[in-house]
């Protein structure tokens, strides 16, 4: 029989009754997650001449037919996402490493697990996860679907330290889940599959459509045109982002080639035989201790390739890259300006037509313009929206961690 550390919860409410569990432990849960009207620029590809690598964001939607977003399902997912009881000692939730105000990423280079250990890679932002075309997740794409991905941190011995059976038992033991499962699935039966689906629904609901970019986009028919409400500097940065840059030898590259659609997500691989949409971005000349997607596929051609996250909310989620090595957005721009290294798996557009690593060679003014444009992708409304926030009424609870389940509470979890 396996035991795990569980959290002892003391409710500081006189006359607390289990039937009132949802009202006392959880705040407002009734929000619109499913009936969100996507803007036209998510539904259409308005790039001139059907530009290379560009698609409408909706064409890259990875929502499976058997798990559409519902209000009740995403509400359940929100509670699961923020619930610290669902870890080996009751100290860590999914949200511990994916903070709303930081674009659902982590300001730390590496995240801190339930017993103080550090994760191997930096926490990837979750904004617009719905539009990753391949549907694969983690930097090395080891999760085939979002439904697979959301269960893996629970089982990680650094992150949350549970087995799936322990996860299920912990959810079953919390009274506030009864009504949530009934609302989402029609009855109160807790299964790992239902936990997975609810969490995936919540993550897919994290779509950014209210940034300054979105507000300004409605004034023009094409994204490459100047936005009337943008400053000259912001429009210059947008032009630099979308317009091909020409090197001295005639090679061209654009930022938007790897951050495609107006969801600003990773582009679909041009090679139909490719095992991944992930790319090498020239951080290293040689892959050593982290082989990226090759660790999943076992293929040398995938060494150094990492998943390309959306640039939505990019300005609020430093540090950057899979290992968090770049502390600022300015450092990221510097990397692409002059720092791309010639890795064996570097490919166009970051590999020029003479086999060299591409150099954008931005001036200081151009770097400042790019930074100004990237800041327009910050979605303040999303980052402060209550429906994505912690639903637990923290003032009502004292969390006492570190109790062994078979000693302090005389409980065990199979």
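Please treat every number below as a calculation from the coordinates, not as lab data. Keep in mind that this is a model prediction, so the values were computed, not measured. Every residue, glycine among them, receives a Cβ derived from its backbone with ideal geometry; neighbour counts consider all protein chains shown.
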Based on the alpha-carbon gyration tensor of the stretch 90-236, what equivalent-ellipsoid semi-axes (square roots of 5 times the eigenvalues) come out, in whole Å, largest first? 35, 20, 14
For the stretch 212-380, what does the relative contact order come out to in percent, with C-alpha contacts under 8 Å and a separation of six or more? 29
With the cut-off at 19 Å, report for the stretch 212-380 the share of all Cα pairs above it, as a whole percent. 57
Report, in degrees rounded to the nearest 10, the 0 to 90 angle that the Cα long axis of helix 232-242 makes with the longest principal axis of the chain. 90
Length added when fully stretched, residue 155-residue 386, from 0.36 nm per residue minus Cα-Cα: 80.3 nm
Take 335, 98 and order them by how many other Cβ atoms sit within 10 Å, fewest up front. 335, 98
Restricting things to alpha carbons, find the Rg to Rh ratio for the stretch 130-202 using the Kirkwood radius for Rh. 1.01
Suppose a student asked you for the relative contact order of the chain, using Cα pairs under 8 Å spaced at least 6 residues apart; what percent would you report? 26
If one compares the long axis through the Cα atoms of helix 364-375 with the longest principal axis of the Cα atoms of the chain, the angle in degrees, nearest 10, works out at 40
Could you put 366, 59, 159 in order, starting from the residue whose Cβ has the fewest other Cβ atoms within 10 Å? 59, 366, 159
Quick one: among 93, 248, 74, which has the greatest mean-square fluctuation in a GNM of the chain with alpha-carbon springs under 10 angstrom? 248
Per-residue ellipticity at 222 nm attributable to helices in the chain (runs of n ≥ 4 DSSP H, -39500 (n - 2.57) apiece, nearest 500 deg cm²/dmol) works out to -6500 deg cm²/dmol
Quick check for you: which residues of the stretch 146-171 have the amide N under 15 Å from the point 7 Å beyond the Cα of residue 289 toward its beta carbon? none
Footprinting proxy, 112, 182, 195: sorted fewest to most Cβ within 10 Å, the residues are 182, 112, 195
Once the Cα gyration tensor of the stretch 250-329 is diagonalised, semi-axes √(5λ) in Å: 21, 18, 12
Equivalent ellipsoid dimensions for the stretch 51-167 as semi-axes, Å, which come from the Cα gyration tensor, largest first: 26, 17, 13
Working only with C-alpha atoms, what are the Rg and Dmax values of the chain, expressed in angstrom? 22.5, 77
Rounded to the nearest 10 degrees, what's the angle between the helix 71-82 long axis and the longest principal axis of the chain, both from Cα atoms, 0 to 90? 80
